[in-house]
Structures are given as structure tokens and as C-alpha cells.
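Student: Right, I'll just put the structure down here and ask away after.
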Amino acid sequence: MRLALDQAGLAVRGGDVPVGAVVLSPDGTTVLGAGHNEREATGDPTAHAEILAIRRAAATLNEAAGAGGRAREWRLTGCTLVVTLEPCTMCAGALVQSRVDRVVYGARDDKAGAAGSLWDVMRDRRLNHRPEVIEGVLAAECARPLTEFFRDR
């Protein structure tokens, strides 16, 4: 979570909401992808921390697999996404589709969260994949930059 908090700090420097995310390898020792909100910097409404971390993790896995004629892999099976704020519906859907095994988040998002607070997309029994969700890791530390960011606005 501390690596995700570092990423959140980068978002603030870019004028964005301080959310950071990292995707960890199945053994939990390697960061496969990292991201922070870049909507303001890129003008891309989908440039949420989780989406960017997922894209970068998939690219890392594909680079590691090499070009040797193998099909490109998009599944993040066995991986863990760690994010400072509870994912929104878009990010929760992307996490289900990417097949991550677990999602760990810090602060709850009672206004837009889709991992248990407002919605519970990732645990919806109608979906074909349901990652484990672990909430509240370093919650106060994750909430602090968000509170400061919006207070200053």
C-alpha cells in the first residue's frame, strides 16, 4: 500500500485526484504495473490509477513472454491490485475482466465505490470471476491526501 500511496502523490503533482495503484505479481514480490490518476494530465476520462496499473501490468507480462509466436496474454491471474481508494464501477469491471485474484484497497468511497460501499460489483455472484476484496488497509493514511485535496478545492 505504501507504493500505491507514493503513486497517489504523483497524481497530486499533476493536478489530479490523489489515487495510486500497483499490480503485484502472483508471489507478491514484483510490481508488474503502477499508476496514478492521470485524467487531468491526459484528458482521458478512463485514466484512473487502476486502469493504468492494469494496462502496464499486462504489458509487462507480454514483454516477459517475448515475441516467440505466443498469443498475447491479458489475464492477470494470481495477481493482486493494491489501490488507495475503493474502485469505482468502471475500475471494478476492469478488475473483474482482467482476472486479478485479489483487490486490496485503503479508503472507502461512499459516493462512488463499487467494492462494497455503494455497489459491490466485484462480489456479484452473477459474474464469472470474483476477486477477493480486502478493504481498509492503511485507510486513514489513504484518506488523508484525498481529504486535503478536496478541502483545498
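Student: Can you give the Kirkwood hydrodynamic radius of region 107-153 from its Cα pairs, in Å with one decimal?
Tutor: Details: mean 1/r = 0.0826 Å⁻¹.
Result for region 107-153, one decimal place: 12.1 Å.
Student: Would you mind working out the magnitude of the charge dipole of the chain relative to its Cα centre, with +1 at each Lys and Arg C-beta and -1 at each Asp and Glu C-beta, to the nearest 20 Debye? Write out the running numbers ahead of the final one.
Tutor: Numbers: 19 positive and 20 negative charges, 75 e Å.
With Lys and Arg at +1 and Asp and Glu at -1, about 360 debye.
Student: Using a basic spin-label model with each label point 7 Å from the Cα along Cα→Cβ, how many nm lie between ALA59 and ARG99?
Tutor: Simple spin-label model gives 2.2 nm for this pair.
Student: Looking at region 38-108, which GluC sites (Glu not before Pro) are in a loop (DSSP not H, G, I, E or B) and have at most 12 other Cβ atoms within 10 Å? Walk me through the intermediate numbers first.
Tutor: Details: sites: GLU38, GLU40, GLU50, GLU63, GLU73; in loops: GLU38, GLU73.
Answer in residue order: GLU73.
Student: Would you please state the base-10 log of I(q)/I(0) at q = 0.14, 0.21 1/Å for region 69-153, with intensities from the Debye formula using one equal scatterer on every alpha carbon?
Tutor: Once normalised to I(0) and log-transformed, intensities are -0.50, -0.93.
Student: Rounded to the nearest 5, what % of DSSP beta bridges with both residues in the chain are antiparallel? Walk me through the intermediate numbers first.
Tutor: Details: 10 of 19 bridges.
Once the DSSP bridges in the chain are tallied, antiparallel ones form about 55 percent.
Student: Give me Rg/Rg_expected for the chain, where Rg uses Cα atoms only and Rg_expected = 2.2 N^0.38 Å with N residues. Working shown, then result.
Tutor: Details: Rg = 14.9 Å, N = 153, 2.2 N^0.38 = 14.9 Å.
Compared with the compact-globule rule of thumb, the chain sits at 1.00.
Student: Could you please tell me the mean projected area of the C-alpha convex hull for region 1-78, averaged over all directions and given in square nanometres to one decimal? Show your work: numbers first, answer last.
Tutor: Numbers: hull surface 22.3 nm².
Taking a quarter of the hull surface, the average projection is 5.6 nm².
Student: Right, next: So between ASN128 and THR30, what do we pick up on full extension, going 0.36 nm a residue minus the alpha carbon distance?
Tutor: 32.6 nm
Student: Report relative contact order for region 7-153 in percent, whole number only (criteria: Cα-Cα under 8 Å, sequence separation at least 6). Could the numbers behind the result be given before it?
Tutor: Working: 326 pairs, mean separation 28.0, N = 147.
Computed over region 7-153, the figure is 19 percent.
A short reminder: the numbers here are calculations on the coordinates, not readings from a lab. Computed from a predicted structure; not experimentally measured. A quick note on method: Cβ atoms are made from the backbone with ideal geometry, for glycine too, and the neighbour counts reach across all protein chains shown.
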